[in-house]
Amino acid sequence: MTSIPMREPAQLVITASPHLKGRDSTATIMWNVVGSLLPIVAAATWFFGPSALLVVGTSVLGAVATERWLGNRGSIGDGSAVITGILLGLTLPAGMPLWMVALGAAFAIGFGKLLFGGLGYNIFNPALLGRAFLQAAFPVAITTWPGRPTSWWVLRGDNFALPFMQPHVPDAITAATPLGLMKFEQQGSRLADLLLGNRGGSLGETAVLLILLCGGYLALRGYLNWRMPASILATVAIFAGSLHQIAPARYASAPFMLLSGGLVLGAVFMATDMVTAPVTNAGRWVFGIGIGVVVVIIRTWGGLPEGVMYAILLMNALVPVINRVTQPRVFGARARAEVAG
Amino acid sequence: VERIVTVSGHGVARPANLIVPVGTRLRDLLAYCGGLTSDAEEILAGGPMMGLAQRNLDVPVLKGTTGIVVLTHDEVRGQGSYPCIHCGRCLDACPMFLNPSLLGDLARMGRDEEMAAAHLADCMLCGSCSYVCPSNIPLAQLFMGSKAALRRQVTAKAGAA
């Protein structure tokens, strides 16, 4: 066969196999999470007015600015700083002074993520670390829950307080959270209000049904592992439910425990942070069960009304150990051991 | 001494299954299939998952050659990668139930001995982990390098003994 002249590329490209690539990239995953958080931000705005947008917006700005200032070049594009910003904002009360929010966001990204080496290397969930910092630094501001004002447009607190000045919070506009009412005043709440979000609390934790919907979307798309929310919620239901069976007067019922506080937001959006959760599926069950147990212990016997944040941070610290003891069994390893033994 | 060879990919003008003598050069094979398209960039001996990229078109069809795939510019895999976010997709994808995430971390730190303890030898370089990795980490390529490094160590030890 004579060789037919053929156009050839001057230089063939050489890359290693495999030459195909799945569709999803880390940035796709992160921006999908951002997208599914937006309805929750919208619900927060519906319940808490313009203050919600101010707090979440400031938190995102603070997180992104810190990422840009201290992070690797182009690392804003991966979307993870935006997620941290939104999540931190959603865990704060609507009336939080904005300078505190910005400080918390800077701490979340700077100390929570970049100090460890940036995306993928941090041990603790950055948003929760930022919130833990704010809780330690400004315990009063972070537990001042807004009540119901006369108009949607009214700010739910002194958002524009100057740094290091006493924020001006009239008593009349504060209210308690369902968990606070339960712990300190032995007063229950209507479950329907808890489910739909018509209650006091942090910005993003109230609309439980919406959080579950958004989480369900992410789980279906494969951007969120359902094992963690499932094991956390099941553990809380079983543990709190048995306590309630033993002494109904002393311990809250399982539905109340599930729907109040930040449990669902934490279970769906915080515990599932891929970077700070176990990498093995068995480990994810262990991780979720651990969080559920710690949440119930803190809420029931601890000094604080809410314990989701500390439960997740505590289990974050155990992730390396969980990973080590839940390594998958290699195909053929058992047969090989039998042959050798 | 003939092989049935599949010539395909978007970079080939007329893809075909051909019976060709072993030793046929890729240049002749591709010319018979109508040549390359203008955006053809990479030529693989083998399939898109485990095939090897070829340096030039003088390479002959060998006795093990089953297919030639020509990738276009848009299909060539990008080299940029994100850090590992430990999403665990590679663990779900691995047919040997290895932990490619852990192996990848170890490989980038050059900790070959720990990789051997984590059953690197069971990896068959199928590339499923690299395929699913959202951070585009070249896991299979890293493992190939670590396997070679471990083999060299074993050979060196055998030589010294």
Pairing the Cα long axis of helix A:98-110 with the longest principal axis of chain A, what angle in degrees results, from 0 to 90 and rounded to the nearest 10? 30 degrees
Pop the C-beta distance of A:PHE116 and B:ASN56 into the FRET formula with R0 = 45 Å and round what comes out to the nearest 0.05. 0.50
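How much FRET efficiency would the formula 1/(1 + (r/R0)^6) give for A:PHE331 and A:MET165, where r is the Cβ-Cβ distance and R0 is 60 Å, rounded to 0.05?
Step by step, r from the Cβ atoms, then E = 0.40.
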Two-decimal Rg/Rh across segment B:11-125, once Rg and the Kirkwood Rh are taken from alpha-carbon atoms: 1.09
Contour excess over end-to-end distance, with Cα ends at A:VAL154 and A:ASN198 and 0.36 nm allotted per residue: 14.1 nm
Here the FRET efficiency for A:ALA137 versus B:ALA117, based on Cβ atoms and R0 = 41 Å and rounded to 0.05, is 0.40
What do you get for the angle between helix A:126-137 and the principal long axis of chain A? Use alpha-carbon atoms, 0 to 90 degrees, nearest ten. 30 degrees
Might you report the magnitude of the Cβ-based charge dipole of the protein assembly as shown about its Cα centre, with Lys and Arg at +1 and Asp and Glu at -1, to the nearest 20 debye? 680 debye
Under a crude label model (7 Å from the Cα following the beta-carbon direction), how far is A:LEU191 from B:ARG152 in nanometres? 6.6 nm
Listed residues A:LEU90, A:VAL295, B:ALA16: farthest to the positive end of the dipole of the protein assembly as shown (Cβ charges): B:ALA16
I want to check the label-to-label distance for A:ALA247 and A:ALA234. Put each point 7 Å from Cα in the C-beta direction and report it in nm to one decimal. 2.9 nm
3J(HN,Hα) from dihedral phi, segment B:143-160, Karplus parametrisation 6.51/-1.76/1.60, rounded to Hz, x for glycine, proline: 5, 4, x, 5, 4, 5, 4, 5, 4, 4, 4, 4, 4, 4, 5, 4, x, 6
Which one, A:VAL308, A:VAL64, A:ALA335, projects farthest toward the positive side of the charge dipole computed for chain A from Cβ point charges (K/R +1, D/E -1)? A:ALA335
Taking the 0 to 90 degree range and rounding to the nearest ten, how far is the long axis of helix A:26-48 tilted relative to the main principal axis of chain A, both from C-alpha atoms? 10 degrees
Hypothetical label at B:THR37: residues of segment B:62-90 whose amide nitrogen lies under 16 Å (7 Å Cα-Cβ projection): B:69-77
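None of the figures in this text is laboratory data; all of them are computed from the coordinates on show. Keep in mind it's a predicted model, so treat the numbers as computed, not measured. Virtual Cβ from ideal backbone geometry, glycine too; neighbours counted across all protein chains shown.
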